[in-house]
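J.: This is the structure, below, for whatever I ask next.
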Amino acid sequence: MANFELSTSVFTLSEIQRTDISPFDSVYLGDPFCRDYSKNLGENREDLKKAVELLRSNDKKVYVSSYSVPRNDDLDAAERLLSWCEELKVDAVEIHNFGTLRMAKNRHPGLKLFVGYLANVYTEPTVMKLKVFGASRIMGNYELSMEELETIKNNCNIDVELLIHGKMILGISETCLLKRRLEHKEDDCMDLCRRDFHLVSSKMFLRTFGRVTMSGKDVCMIEHLPEVIRRGFKVFRIESFAENRDYAGNVGRIYRKALEEATGGKDFNPYNYLPELQKISRSNLCNGYYFATSGQEYVTAGQRS
Amino acid sequence: MNPAVPTKKPLLMVPAGSLKAAQAALREGADIFYAGIRGWSLRPTAFEIDETEFLKILKLTKFFGKKIFLTMNCFYRTDEIPAALALIEKMKNAGIDAVIASQPGLIREIHRRFPDLAINVSVQTSASNRQELEFYKELGASLVVLPRNFPELDPDHIKKLAGTGVGLEMFLVGDDSLNYDGRCYLSSYLNQKKIKDDTERKYCMMGSANRNGFCYLMCKRECEVMEPGGEIHRGHILRRGDLALFSKLKPLSDAGIEVVKIQGREFPAGMVKLIVRMTRRLIDSIDDDSSEKEYVRELEHLVRLKQVISANHLRLLAKSRSSFWRNIRPVIEKPWDNILTALWMAFPFYRELRWKKYLNEANKIDT
């Protein structure tokens with residue numbers, strides 16, 4: 001049994017069926033950003049049940065992501081999702097909203113709860129408070145540096161999950177930018193976000209996924225895996241939802257191999273993998289905020305030491 | 001609603017970005033003032049005041065029996081929290097009425113240490129459902145600011161939030177942000193630097209909207225939308241515009257809004273004075289439909305002036321003449337705005353003093 005956990009997130013049943021999930025230990029199900037995303041697992045009980053069964057038969061852990069910015073009218077749907085999760089006995093629910101967290105704690109005490117990156121967790125007192133509400137794993141805000149995350153992990157004695165590859169979420173809006181841009185007036189969603197729309201300005205290149213704006217560059221931590229492991233992180237996520245169907249499998253396989261080497265005490269050379277990752281990601285790479293720099297910067301291992 | 005029952009008048013909360021602005025707002029009848037101390041609130045430091053000025057404002061507002069809230073709404077680092085609490089304690093002894101905070105951890109700590117100090121949950125939390133309001137109430141908060149997004153500020157939506165035991169507050173004048181407040185990291189993605197700070201925070205993450213308040217306002221800059229086929233559409237501004245909900249004041253108060261807030265600690269005193277004067281008149285005549293319309297029109301012109309300021313802001317950030325004209329053109333094309341632009345341009349002292357400072361800050365990191 002490997003001493004790390006590698007996970008990814010998938011939004012619909014058909015995406016799971018066509019994604020190679022073999023490199024992953026666990027999968028987060030459902031789109032936490034938009035309730036209108038068609039066939040969203042978070043809104044569809046039958047699909048969710050099938051997805052859970054499929055993952056269970058593959059011996060994977062199943063987590064469910066709940067909607068990240070529920071307004072008052074969305075609370076019923078959040079409650080419904082929590083009861084499905086309890087019924088299907090999923091391993092945990094990822095929650096980005098403190099209202100949903102409170103509801104889960106009060107009404108579904110049996111559920112294991114994770115707190116997601118959109119909950120804006122920045123400090124230890126906040127994490128301690130969230131632990132009282134039953135959180136057993138957190139994904140700190142992306143803006144936190146690795147040092148800060150390590151301190152939180154050690155002082156609060158909680159699992160901290162890291163995004164090691166994939167695009168970061170840089171903001172969530174209450175309306176769909178794509179629908180707005182195309183002056184799309186009908187209520188039904190045309191699934192515009194499944195196509196590649198980008199926002200380009202003189203200084204930035206961003207991917208827009210309807211209601212969320214994502215970094216144009218992929219966060220890539222392969223060069224820094226030894227440091228990540230030295231700091232004691234064990235739970236890693238690869239974000240692949242806005243990518244093509246082979247992305248998750250290809251990147252997952254590379255990271256599984258790399259992590260096995262790096263944690264197993266074998267010789268680990270990140271440069272065996274870096275060119276392939278560069279090829280897979282259609283844009284440049286960055287390190288996010290892990291080294292207290294701008295999110296779009298890439299720091300090499302040489303610059304760190 | 002029974003027309004015989006008069007609408008409960010909401011309290012008016014105004015920015016005290018400087019002593020002058022506070023004096024002006026006081027004269028015009030503001031009920032609550034909010035201000036942050038340099039380094040500790042979400043504003044670029046050029047628009048923040050130091051402790052001495054804050055204490056002067058505090059003395060002034062207390063003398064006239066008004067309330068003052070201390071803004072402590074950054075997402076601090078863990079090691080800054082003791083210093084933040086020490087500052088709150090000092091200001092509590094000086095007489096502040098409430099603290100505006102956004103981190104659950106900090107809110108809990110404040111409530112634990114100073115149980116009699118009221119806590120106002122900042123707009124940065126984007127609290128928009130009953131359960132979330134209950135969450136903050138359990139932490140010890142008594143007033144929550146609703147997010148600045150149009151759909152959230154719909155009276156029907158607010159009615160559903162009323163009655164949890166925490167007071168509801170909203171921005172009447174402000175920016176309508178692209179993303180939910182506190183859920184936008186575009187600025188720090190573009191540029192973020194750890195710089196030494198001369199305040200007690202020691203160093204700050206310049207460029208992060210959540211951690212420092214210095215935002216590059218990416219959503220106000222022009223960008224291009226690239227379609228899947230590679231087709232490019234130019235000239236998009238992501239942000240929708242400004243929030244000016246004067247005409248909705250009555251339905252919003254009926255729905256349960258207790259405090260209306262005006263954004264703009266960076267505004268010159270003269271502008272704060274005008275906005276506060278007219279909003280005060282609007283609140284006082286809340287049940288009188290006839291007088292309302294006249295003020296609303298005037299107020300909307302004022303908000304347009306704010307857009308001119310935003311354009312200036314952009315010009316300074318972009319430091320390019322061409323982008324200035326691109327931003328200013330839509331404003332100049334309208335005659336009313338032309339006059340307002342001229343008015344704004346006629347106050348060079350303010351522009352020189354504050355914007356120059358801001359520009360210096362931008363230069364420090366805009367490599």
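J.: Are any residues in region B:140-161 at pLDDT 90 or above and touching a strand residue (DSSP E or B) at 6+ places or on another chain (Cβ under 8 Å), and if so, which ones?
T.: Correct list: B:GLY140, B:ALA141, B:SER142, B:LEU143, B:VAL144, B:VAL145, B:LEU146, B:ILE158, B:LEU161.
J.: Let me ask something additional. Quick check on region B:4-13. Is at least one of its residues closer than 21 Å to B:VAL173 by Cα, open to solvent by less than 10 Å² (accessible area, probe 1.4 Å) and either outside any loop (DSSP other than H, G, I, E, B) or among the polar types (S, T, N, Q) (or both)?
T.: For region B:4-13, residues closer than 21 Å to B:VAL173 by Cα, open to solvent by less than 10 Å² (accessible area, probe 1.4 Å) and either outside any loop (DSSP other than H, G, I, E, B) or among the polar types (S, T, N, Q) (or both): present.
J.: A further question on this structure: Being surrounded by fewer than 16 Cβ atoms within 10 Å (Cβ to Cβ), of a type in the set (D, E, K, R) and under 21 Å from B:LEU12 (Cα atoms) is the requirement here; does B:LYS67 meet it?
T.: no
J.: Could you please tell me which pairs satisfy a Cβ distance under 7 Å, a separation of 6+ or placement on different chains, a first residue in region B:200-224 that is facing chain A (nearest Cβ under 9 Å) and hydroxyl-bearing (Ser, Thr, Tyr), and a second residue that is part of a loop (DSSP other than H, G, I, E, B) and surrounded by 21 or more Cβ atoms within 10 Å (Cβ to Cβ)?
T.: Listed pairs, sorted by first residue: B:SER208/A:GLU143; B:SER208/B:GLN192; B:TYR216/B:ASN191; B:TYR216/B:GLY207.
J.: Quick test of your reading of the structure: A:LYS129 fulfils all but one of (1) open to solvent by 10 Å² or more (accessible area, probe 1.4 Å); (2) facing chain B (nearest Cβ under 7 Å); (3) under 23 Å from B:GLY229 (Cβ atoms). Name the failing condition by number.
T.: The number of the failed condition is (3).
J.: Also, I was wondering about something else. Let me confirm something: among A:ILE238, A:ILE222, A:ILE229, which residue is touching a helix residue (DSSP H, G or I) at 6+ places or on another chain (Cβ under 6 Å), open to solvent by 40 Å² or more (accessible area, probe 1.4 Å) and closer than 23 Å to A:SER9 by Cα?
T.: A:ILE229
J.: Of everything in region B:202-224, what is in contact with a helix residue (DSSP H, G or I) (Cβ under 9 Å, 6 or more places away or on another chain), assigned to a strand (DSSP E or B) and closer than 27 Å to B:ALA83 by Cβ? Give them in sequence order.
T.: Once the filter is applied, which keeps residues that are in contact with a helix residue (DSSP H, G or I) (Cβ under 9 Å, 6 or more places away or on another chain), assigned to a strand (DSSP E or B) and closer than 27 Å to B:ALA83 by Cβ, region B:202-224 yields B:CYS204, B:MET205, B:MET206.
J.: Right, next: So, A:GLU174, is that one open to solvent by 20 Å² or more (accessible area, probe 1.4 Å), over 29 Å from A:ASP196 (Cβ atoms) and not small (Gly, Ala, Ser) or not?
T.: no
J.: Right, another one. With the structure loaded, tell me whether B:PHE171 is at the interface with chain A (Cβ under 8 Å from one of its Cβ atoms) and either surrounded by 20 or more Cβ atoms within 10 Å (Cβ to Cβ) or within 19 Å of B:PRO15 (Cα to Cα) (or both) or whether it fails that test.
T.: No; evaluated as a whole, the condition is false for this residue.
J.: Residues A:GLY140, A:GLY166: which one is surrounded by 19 or more Cβ atoms within 10 Å (Cβ to Cβ), under 16 Å from A:ARG237 (Cα atoms), within 13 Å of another protein chain (Cβ to nearest Cβ) and of a type outside the set (A, V, I, L, M, F, W, C)?
T.: Criteria check complete, one pass: A:GLY140.
J.: Specify which of the listed residues (A:ALA262, A:ALA301, A:ALA292) is more than 14 Å from chain B (Cβ to nearest Cβ), in contact (Cβ under 8 Å) with a residue 60 or more places away in the chain, of a type in the set (A, V, I, L, M) and open to solvent by 20 Å² or more (accessible area, probe 1.4 Å).
T.: A:ALA301
J.: What pairs can you find where one residue is in region A:222-239 and in contact (Cβ under 8 Å) with a residue 12 or more places away in the chain and part of a loop (DSSP other than H, G, I, E, B), the other is of a type in the set (D, E, K, R) and crowded, with 17+ Cβ neighbours inside 10 Å, and their Cβ atoms are less than 6 Å apart, with a gap of 6+ or different chains?
T.: These pairs meet every condition: A:ARG231/A:GLU150; A:GLU239/A:LYS167.
J.: Only one of (1) open to solvent by less than 10 Å² (accessible area, probe 1.4 Å); (2) touching a strand residue (DSSP E or B) at 6+ places or on another chain (Cβ under 6 Å); (3) modelled with pLDDT under 95 is not met by A:GLU161, so which one is it?
T.: Of (1) open to solvent by less than 10 Å² (accessible area, probe 1.4 Å); (2) touching a strand residue (DSSP E or B) at 6+ places or on another chain (Cβ under 6 Å); (3) modelled with pLDDT under 95, only one is false for A:GLU161: (3).
J.: Let me ask something additional. Checking B:LEU60 against (1) open to solvent by less than 10 Å² (accessible area, probe 1.4 Å); (2) assigned to a helix (DSSP H, G or I), which single condition isn't satisfied?
T.: (1)
J.: Can you find, within region B:64-107, the residue that is farthest from the other protein chains (Cβ to nearest Cβ) among those that are under 19 Å from the mean Cα position of the chain (by Cα) and of a type outside the set (A, V, I, L, M, F, W, C)?
T.: B:LYS67
J.: Only residues that are part of a loop (DSSP other than H, G, I, E, B) and open to solvent by 10 Å² or more (accessible area, probe 1.4 Å): list them for region B:83-116, please.
T.: Answer for region B:83-116, where residues must be part of a loop (DSSP other than H, G, I, E, B) and open to solvent by 10 Å² or more (accessible area, probe 1.4 Å): B:GLY95, B:ILE96, B:ASP97, B:PHE114, B:PRO115, B:ASP116.
J.: Ok, one more. Could you please give the count of residues in region A:265-279 that are open to solvent by 40 Å² or more (accessible area, probe 1.4 Å) and more than 18 Å from A:GLY232 (Cβ to Cβ)?
T.: 9
J.: Also, quick follow-up: Which of the residues that make up region B:117-148 are among the charged types (D, E, K, R) and in a helix (DSSP H, G or I)?
T.: B:ARG130, B:GLU132, B:GLU134, B:LYS137, B:GLU138, listed by residue number.
J.: Another question, then. Could you tell me whether B:LEU249 is more than 9 Å from every other protein chain (Cβ to nearest Cβ) and either surrounded by 19 or more Cβ atoms within 10 Å (Cβ to Cβ) or more than 17 Å from B:ALA127 (Cα to Cα) (or both)?
T.: yes
J.: What are the residues in region B:149-163 that are open to solvent by 10 Å² or more (accessible area, probe 1.4 Å) and either more than 7 Å from chain A (Cβ to nearest Cβ) or not in a helix (DSSP H, G or I) (or both), if any?
T.: B:PHE150, B:ASP154, B:PRO155, B:ASP156, B:LYS159, B:ALA162, B:GLY163
J.: While we're here: Quick one: which residue in A:GLY99, A:GLY110 is out of contact with any strand residue (DSSP E or B) (no Cβ under 6 Å at 6 or more places or on another chain) and over 20 Å from A:GLU174 (Cα atoms)?
T.: Being out of contact with any strand residue (DSSP E or B) (no Cβ under 6 Å at 6 or more places or on another chain) and over 20 Å from A:GLU174 (Cα atoms) holds for just one of A:GLY99, A:GLY110, which is A:GLY110.
J.: Out of the residues in region A:179-201 meeting the condition of being more than 9 Å from chain B (Cβ to nearest Cβ) and in contact with a Ser or Thr (Cβ under 7 Å, 6 or more places away or on another chain), tell me which one is modelled with the highest pLDDT.
T.: So the residue we want is A:ASP191.
J.: Search region A:280-289 for residues being among the hydroxyl-bearing types (Ser, Thr, Tyr) and within 13 Å of chain B (Cβ to nearest Cβ), and hand back the single one that is surrounded by the fewest Cβ atoms within 10 Å (Cβ to Cβ).
T.: Across region A:280-289, the extreme among qualifying residues is A:SER283.
J.: Residues being at pLDDT 80 or above and either open to solvent by less than 40 Å² (accessible area, probe 1.4 Å) or in a loop (DSSP other than H, G, I, E, B) (or both): count how many of those fall in region B:188-201.
T.: Number satisfying all stated conditions: 5.
J.: Something else about it: Count, please, the residues in region A:205-251 that happen to be more than 13 Å from chain B (Cβ to nearest Cβ) and among the β-branched types (Val, Ile, Thr).
T.: 6
J.: Determine if region B:52-60 includes at least one residue that is touching a strand residue (DSSP E or B) at 6+ places or on another chain (Cβ under 6 Å), of a type in the set (Asp, Glu) and touching a residue at least 12 places away in the same chain (Cβ under 8 Å).
T.: For region B:52-60, residues touching a strand residue (DSSP E or B) at 6+ places or on another chain (Cβ under 6 Å), of a type in the set (Asp, Glu) and touching a residue at least 12 places away in the same chain (Cβ under 8 Å): absent.
The values are calculated or read from the model by the stated rules, or taken from the named source; none is laboratory data. Computed from a prediction, not measured in an experiment: that's the story for all the values here. Positions of Cβ are generated from backbone atoms using ideal geometry, with glycine treated the same way; all protein chains shown enter the neighbour counts. All accessible areas refer to the heavy atoms of the entire protein, side chains included, with ligands and DNA or RNA removed. Shrake-Rupley method; radii C 1.70, N 1.55, O 1.52, S 1.80 Å.
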